[in-house]
1. Based on what the data block shows, is Lys129 part of a helix (DSSP H, G or I), open to solvent by 50 Å² or more (accessible area, probe 1.4 Å) and basic (Lys, Arg)?
2. Working carefully through the options Asp97, Asp87, find the one that is charged (D, E, K, R), out of contact with any Pro (no Cβ under 8 Å at 6 or more places or on another chain), closer than 17 Å to His39 by Cα and loosely packed, with under 14 Cβ neighbours inside 10 Å.
3. So Val111 passes all but one of these: (1) touching a helix residue (DSSP H, G or I) at 6+ places or on another chain (Cβ under 9 Å); (2) within 17 Å of Gln126 (Cα to Cα); (3) open to solvent by 30 Å² or more (accessible area, probe 1.4 Å). Which condition number does it fail?
4. Please determine whether any residue of the stretch 99-108 is within 26 Å of Gln14 (Cβ to Cβ) and either modelled with pLDDT under 95 or aromatic (Phe, Trp, Tyr) (or both).
5. Among the residues of the stretch 87-105 satisfying the criterion of being among the basic types (Lys, Arg) and touching a residue at least 24 places away in the same chain (Cβ under 8 Å), which is farthest from Arg132 (Cα to Cα)?
Amino acid sequence: MTVTDISTLDHAPQVFAEWLNDLCEDLDWEKPRAYLLLHETLHAIRDFLTVDEAADLAAQLPVLVRGVYFEGWDPSKTPTKSRGKGDFLRRIQARFDKDPLQDPERAVSAVFDLLRRHISSGEFDQVRKAMRKPIQELWE
């Protein structure tokens, strides 16, 4: 269905749904839970990167995914001071207080794998290498 006659915008909901469906399938989760994981993991990645690195990653994301990624961002507060693996996982896990993640590392790794499949390998490697070593292990 064409609404705007701008292909990128007209296809944006379908592309976002494909990303979300892929994540649901990978984890065998329902969409609301998968969306929350995608949202929180993208925000954690963004906030653990420098402003330039965060912007480089954003350039690779589809329009609606990029909107989720940038939602509520304060570039003056990035990268965060506490950037260890535990900090990364706790930040994501905190949003799952009513239904905690059984295996936070597996869940976060599923989002990283989703990124691997949808962005260039060069950008994926660049973002992975920008993370501290213990977090890089989740990307492999």
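The values are calculated or read from the model by the stated rules, or taken from the named source; none is laboratory data. Note that the structure is predicted; figures quoted are calculated from it, not measured. Cβ placement follows ideal geometry from the backbone for every residue including glycine, while neighbour counts extend to all protein chains displayed. With ligands, DNA and RNA removed, areas are computed over all heavy atoms of the protein, side chains included. Shrake-Rupley method; radii C 1.70, N 1.55, O 1.52, S 1.80 Å.
1. Values: part of a helix (DSSP H, G or I): yes; open to solvent by 50 Å² or more (accessible area, probe 1.4 Å): yes; basic (Lys, Arg): yes.
Yes: the conditions hold for Lys129.
2. Asp97 is the lone residue from the list that is charged (D, E, K, R), out of contact with any Pro (no Cβ under 8 Å at 6 or more places or on another chain), closer than 17 Å to His39 by Cα and loosely packed, with under 14 Cβ neighbours inside 10 Å.
3. All conditions pass for Val111, except number (3).
4. To start, the set of residues in the stretch 99-108 that are within 26 Å of Gln14 (Cβ to Cβ) comprises 107-108.
From the residues that got through so far, the ones that are either modelled with pLDDT under 95 or aromatic (Phe, Trp, Tyr) (or both) too are none.
No, there is no match, as no residue in the stretch 99-108 is within 26 Å of Gln14 (Cβ to Cβ) and either modelled with pLDDT under 95 or aromatic (Phe, Trp, Tyr) (or both).
5. Here is the first cut: in the stretch 87-105, the ones among the basic types (Lys, Arg) are 90-91, 95, 98.
Now narrow it down to the ones that are touching a residue at least 24 places away in the same chain (Cβ under 8 Å): 91, 95.
Working: Arg91: 16, Arg95: 22 Å.
Step by step, filter the stretch 87-105, then rank; the result is Arg95.
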